[in-house]
Amino acid sequence: MIVNDAVLHNEWIVACRAQDLQEKPMQVLIMGERVVLFRTGEGVHAFKDLCVHRGAALSQGCVKEGKLVCAYHAWEFDASGACASIPQLPKEQAIPTKARAITYGCEERYGFIWVNLGQADAPWFPFPEYGAGGWRNVVWGPQTVAAKPPRIVENFLDVGHLAIVHEGYLGVETHTEIGDYRVHRVPEGIRSEEIAIFQPDPDGSGQAKHVYYTYEIARPLTVKFTKRDNETDHLMSIVLTVQPKDADTSVAYGVLSFNYDPGLTDEEITSFQDMIFAQDKPVVENQKPEDLPLDLQVELSLKCDRVSIAYRQYLKELGVVWGTA
Ligand code: FES
Ligand SMILES: [Fe+2]
């Protein structure tokens, strides 16, 4: 099922980790659309996963000399989508110009492959930590979730649940109160002021203390928080980005960035994040309605939900319909 979402149609949507796309073409589902990703010497490419000849899935084919070869009758498509060879035609006969694959925007960036179904030159969200000196970046995911992306994103932006759902890890039951904070429009999107959160062991020293969270909304399905330790000036940020896969399923990915050495392997970092996410998942998969209500009267918000409120207003302003009500 394909939901018509004119906004997300023109967004960069995460398709897979960069390392997942190797020699073999692969199929991903983006908003119900079957997309084939493939890699050539020129870079990464995304087509509609449908051969114009007889509707075969191009992802069953292979890449040969920079061209995607259909598994059914071996028509070859170059990176621009044009058909370069039809083995069944006599050599001298021209290839019909209609023999083309439908191409999508495709880029490798921030450790992922991204697809844009509508606008290949759409703007990118800024991610200054990625590739910058002094920062370590660890790619996290995929995590498949039986929920719509806005519920998953909002859970990530939700400060009030840290001491409840992640008690003992990201919060402490004796410190559930959230101090007041504001949310501002900034050129990059929306940003909260710092929010103090009391954590049991934020820097691995075994010492419980306050850390300071800043939430940012960069794009409809891409958000971030930064956690600051004001004793050490250590910063840790997590970018979350969600792929709307089909009507009921989403896939979450992230990048964890550190401006210090957390003393952990990549594997330990992603395992911890998996464990935290596993605490959120049953909550998010059982929220009703599944579609995030953009009418602020529908659920009961508190002051501390300002980031979530800003997110709902932002989706409403943009006109995102996938996973919203
Ligand atoms: S279906 Fe792809 S070449 Fe025939
Ligand atoms: Fe959480």
By residue number, the members of segment 187-198 that are of a type in the set (A, V, I, L, M, F, W, C) and open to solvent by less than 40 Å² (accessible area, probe 1.4 Å) are Ile190, Ile195, Ile197
Selected residue (criterion: surrounded by the most Cβ atoms within 10 Å (Cβ to Cβ)) from residues of segment 273-295 that are more than 16 Å from Gly160 (Cβ to Cβ) and more than 19 Å from the chain's Cα centre (by Cα): Leu294
I'd like the residue in segment 42-57 that is open to solvent by less than 10 Å² (accessible area, probe 1.4 Å) and touching a helix residue (DSSP H, G or I) at 6+ places or on another chain (Cβ under 9 Å) and, out of all such residues, is nearest to ligand 1 (Cβ to nearest atom). Cys51
Scanning segment 176-189 for residues that are more than 16 Å from ligand 2 (Cβ to nearest atom) and in a loop (DSSP other than H, G, I, E, B), which turns out nearest to Ile276 (Cα to Cα)? Glu177
Over segment 199-209, the set of residues outside any loop (DSSP other than H, G, I, E, B) and surrounded by fewer than 18 Cβ atoms within 10 Å (Cβ to Cβ) is Lys209
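The rows are residues; the columns are (1) within 30 Å of Asn4 (Cα to Cα); (2) of a type outside the set (D, E, K, R); (3) touching a residue at least 12 places away in the same chain (Cβ under 8 Å).
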{"residue": "Gly168", "(1), (2), (3)": "no, yes, yes"}
{"residue": "Glu173", "(1), (2), (3)": "no, no, no"}
{"residue": "Gly179", "(1), (2), (3)": "no, yes, yes"}
{"residue": "Gly189", "(1), (2), (3)": "yes, yes, yes"}
{"residue": "Ile195", "(1), (2), (3)": "no, yes, yes"}
{"residue": "Lys209", "(1), (2), (3)": "no, no, yes"}
{"residue": "Thr249", "(1), (2), (3)": "yes, yes, yes"}
{"residue": "Asp266", "(1), (2), (3)": "no, no, yes"}
{"residue": "Phe272", "(1), (2), (3)": "no, yes, no"}
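Residues checked against (1) surrounded by 15 or more Cβ atoms within 10 Å (Cβ to Cβ); (2) more than 26 Å from the chain's Cα centre (by Cα); (3) within 30 Å of Pro123 (Cβ to Cβ); (4) within 15 Å of ligand 1 (Cβ to nearest atom):
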{"residue": "Val7", "(1), (2), (3), (4)": "yes, no, yes, no"}
{"residue": "Cys16", "(1), (2), (3), (4)": "yes, no, yes, no"}
{"residue": "Gln19", "(1), (2), (3), (4)": "no, no, yes, no"}
{"residue": "Lys24", "(1), (2), (3), (4)": "no, no, no, no"}
{"residue": "Leu37", "(1), (2), (3), (4)": "yes, no, yes, no"}
{"residue": "Pro96", "(1), (2), (3), (4)": "no, yes, no, yes"}
{"residue": "Thr103", "(1), (2), (3), (4)": "yes, no, yes, no"}
Checking Arg312 against (1) part of a helix (DSSP H, G or I); (2) open to solvent by 20 Å² or more (accessible area, probe 1.4 Å); (3) charged (D, E, K, R), only one condition comes out false. Which one? (2)
Hits in segment 213-243 - residues which are farther than 22 Å from Ala132 by Cα and either at pLDDT 95 or above or in a strand (DSSP E or B) (or both): Pro220, Leu221, Val242, Gln243
Output for segment 214-223, where each listed residue is free of Cβ contacts under 8 Å to residues at least 60 places away in the same chain and surrounded by 21 or more Cβ atoms within 10 Å (Cβ to Cβ): Glu216
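Let's see how each residue does on (1) touching a residue at least 60 places away in the same chain (Cβ under 8 Å); (2) within 16 Å of ligand 2 (Cβ to nearest atom); (3) of a type in the set (D, E, K, R); (4) in a strand (DSSP E or B):
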site: Val63; (1), (2), (3), (4): no, no, no, yes
site: Leu68; (1), (2), (3), (4): no, no, no, yes
site: Ala79; (1), (2), (3), (4): no, no, no, no
site: Pro87; (1), (2), (3), (4): no, no, no, no
site: Glu92; (1), (2), (3), (4): no, no, yes, no
site: Ile95; (1), (2), (3), (4): no, no, no, no
site: Cys106; (1), (2), (3), (4): yes, no, no, yes
site: Val115; (1), (2), (3), (4): yes, no, no, yes
site: Trp124; (1), (2), (3), (4): yes, no, no, no
Going through segment 244-262 one residue at a time, which ones are open to solvent by 60 Å² or more (accessible area, probe 1.4 Å) and either farther than 19 Å from Leu221 by Cβ or assigned to a strand (DSSP E or B) (or both)? Lys245, Asp261
Hey, any hits in segment 58-77 for a residue that's within 16 Å of ligand 1 (Cβ to nearest atom), aromatic (Phe, Trp, Tyr) and surrounded by fewer than 19 Cβ atoms within 10 Å (Cβ to Cβ)? yes
With respect to Thr270, determine if the residue is under 21 Å from Ser250 (Cβ atoms) and either in contact with a Leu (Cβ under 7 Å, 6 or more places away or on another chain) or aromatic (Phe, Trp, Tyr) (or both). no
Taking the condition of being of a type outside the set (A, V, I, L, M, F, W, C), outside any loop (DSSP other than H, G, I, E, B), over 17 Å from the mean Cα position of the chain (by Cα) and within 12 Å of ligand 2 (Cβ to nearest atom), how many residues in segment 126-167 meet it? 1
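The values are calculated or read from the model by the stated rules, or taken from the named source; none is laboratory data. Keep in mind that what you see is a predicted model, and the values were worked out from it rather than measured. Every residue, glycine as well, gets a Cβ built from its backbone with ideal geometry; the counts of neighbours run over all protein chains shown. We work out accessible area using only protein heavy atoms, side chains counted, and drop any ligands, DNA or RNA first. Shrake-Rupley method; radii C 1.70, N 1.55, O 1.52, S 1.80 Å.
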